[in-house]
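All remarks here apply to the structure that follows.
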Amino acid sequence: MQLTTERLDLVPLDVERDLADLHTMFMDPIWAAAAYAEPTADLAASNARIVEDYGDNVGLIWALRLHGSSRAIGLIGVYSDQGTSIRGISWYLHRDLWGRGLMGEAARVVVEHLLALPEIDGIEAWIDARNARSIGVARRAQLELAGRLPRRNLGEVSQWMVMARAAEPVAQAVVSIRPQLPVSDVAKTADLLVQLLGLQVIYQFGEPEVEFARLGVSRWNGAPVLDLQRSTEISPVTLGLDIGVPVDSVHEAVVAAGLVVDAAPADTPWSRREFAFRLPDGHTVTVSGASSG
Ligand SMILES: CC(C)(COP(=O)(O)OP(=O)(O)OC[C@H]1O[C@@H](n2cnc3c(N)ncnc32)[C@H](O)[C@@H]1OP(=O)(O)O)[C@@H](O)C(=O)NCCC(=O)NCCS
């Protein structure tokens, strides 16, 4: 179905009709660098990109046109159906039209339309954390930060921001999960985790021996935390961490700190890279991040 905004007509994509216009966008190296993607080499490669991402998606992907023009100046819509009611969205605009609020305008209308469909109850945009314009578009469409994921793109490890909006917002009961680790030496364990993983000490108490420390993934209130509690009886547990920096650099730091590595870094079939090491009290820490390939 065609959608309309103040300045745009959003017409259901017709690859044959729109490919030549969209190719001039996908092949533009400056556009591609901003999208953290490779520019396409030729028309066939642009066609393959569209078909691969949106192939079976007729009706849920639109070409953008300025009123009164038939040029496809961009693309917005959800990725191919993977059988889930939460659908991933993306947006691409020709570089000569950036910065005029056009995609924000389109995204507001498209997201409202998609969330009104009975088969869709959530929209997610996975955006490279450095892509400020795209994050701005997501915010315009009232998508909010729901989480972060590690990724490897064009040979670099970075982070995706998962921006999301539900059709029917619900007040979630649990806002954060906060594991507590019993350790024999809180100060020493906290120092290690700060040094190896960049965790932040939110607060600690106990004099002269530290009894308790709360470590956060960042210093912001409400960020995920790990509590360390001094204990003399310790049953080792396993702690899983997702990281947004290269796994091998953390592994090197673990080795340099003289800790035991239980499993060396290796790529998993689910496109992650993981390794495991042991803390002085015997707790295992599994570290998972973007794969090396
Ligand atoms: C992302 C993209 C679609 C944005 O299109 P656009 O029409 O230029 O976006 P808008 O003009 O609506 O601006 C979006 C937000 O970015 C902000 N913005 C504009 N210029 C900016 C700049 N130079 N730096 C940072 N933010 C900027 C705007 O303030 C706006 O936020 P606001 O609406 O709250 O004011 C376009 O830049 C693009 O095609 N990039 C390459 C492809 C890409 O990265 N797609 C997203 C993949 S997840």
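The values are calculated or read from the model by the stated rules, or taken from the named source; none is laboratory data. Source: prediction; values computed, not measured. Heads up, the Cβs are rebuilt from the backbone with ideal geometry, glycines too, and the neighbour counts pull from every protein chain shown. These accessible areas exclude ligands, DNA and RNA; they are computed on the full protein's heavy atoms, side chains included. Shrake-Rupley method; radii C 1.70, N 1.55, O 1.52, S 1.80 Å.
Suppose the filter is in contact with a His (Cβ under 8 Å, 6 or more places away or on another chain), open to solvent by 50 Å² or more (accessible area, probe 1.4 Å), under 20 Å from VAL287 (Cα atoms) and among the hydrophobic types (A, V, I, L, M, F, W, C); does VAL237 pass it?
Taking the combined requirement at face value, the residue satisfies it.
Could you say whether any residue in the stretch 199-206 is part of a strand (DSSP E or B), among the hydroxyl-bearing types (Ser, Thr, Tyr) and surrounded by 15 or more Cβ atoms within 10 Å (Cβ to Cβ)?
No, there is no match, as no residue in the stretch 199-206 is part of a strand (DSSP E or B), among the hydroxyl-bearing types (Ser, Thr, Tyr) and surrounded by 15 or more Cβ atoms within 10 Å (Cβ to Cβ).
Scan the stretch 97-129 for residues that are more than 7 Å from the ligand (Cβ to nearest atom), of a type in the set (Gly, Ala, Ser) and either at pLDDT below 95 or assigned to a loop (DSSP other than H, G, I, E, B) (or both) and jot them down.
Once the filter is applied, which keeps residues that are more than 7 Å from the ligand (Cβ to nearest atom), of a type in the set (Gly, Ala, Ser) and either at pLDDT below 95 or assigned to a loop (DSSP other than H, G, I, E, B) (or both), the stretch 97-129 yields ALA116, ALA129.
Checking ARG214 against (1) touching a Phe, Trp or Tyr at 6+ places or on another chain (Cβ under 6 Å); (2) within 29 Å of ALA266 (Cβ to Cβ), which single condition isn't satisfied?
If we test ARG214 against (1) touching a Phe, Trp or Tyr at 6+ places or on another chain (Cβ under 6 Å); (2) within 29 Å of ALA266 (Cβ to Cβ), just (2) comes out false.
Please go through (1) charged (D, E, K, R); (2) within 15 Å of the ligand (Cβ to nearest atom); (3) open to solvent by less than 80 Å² (accessible area, probe 1.4 Å) for GLU144 and return the number of the only condition it doesn't satisfy.
If we test GLU144 against (1) charged (D, E, K, R); (2) within 15 Å of the ligand (Cβ to nearest atom); (3) open to solvent by less than 80 Å² (accessible area, probe 1.4 Å), just (3) comes out false.
Quick check: is even one residue across the stretch 85-101 in contact (Cβ under 8 Å) with a residue 12 or more places away in the chain, under 15 Å from GLN2 (Cα atoms) and in contact with a helix residue (DSSP H, G or I) (Cβ under 7 Å, 6 or more places away or on another chain)?
Among the residues of the stretch 85-101, not one is in contact (Cβ under 8 Å) with a residue 12 or more places away in the chain, under 15 Å from GLN2 (Cα atoms) and in contact with a helix residue (DSSP H, G or I) (Cβ under 7 Å, 6 or more places away or on another chain), which makes the answer no.
So if I check each of GLY136, GLY83, which one is more than 7 Å from the ligand (Cβ to nearest atom), open to solvent by 20 Å² or more (accessible area, probe 1.4 Å) and either small (Gly, Ala, Ser) or in a loop (DSSP other than H, G, I, E, B) (or both)?
None of the others qualify; the one that does is GLY83.
Suppose the filter is at pLDDT 95 or above and more than 10 Å from the ligand (Cβ to nearest atom); does HIS94 pass it?
no
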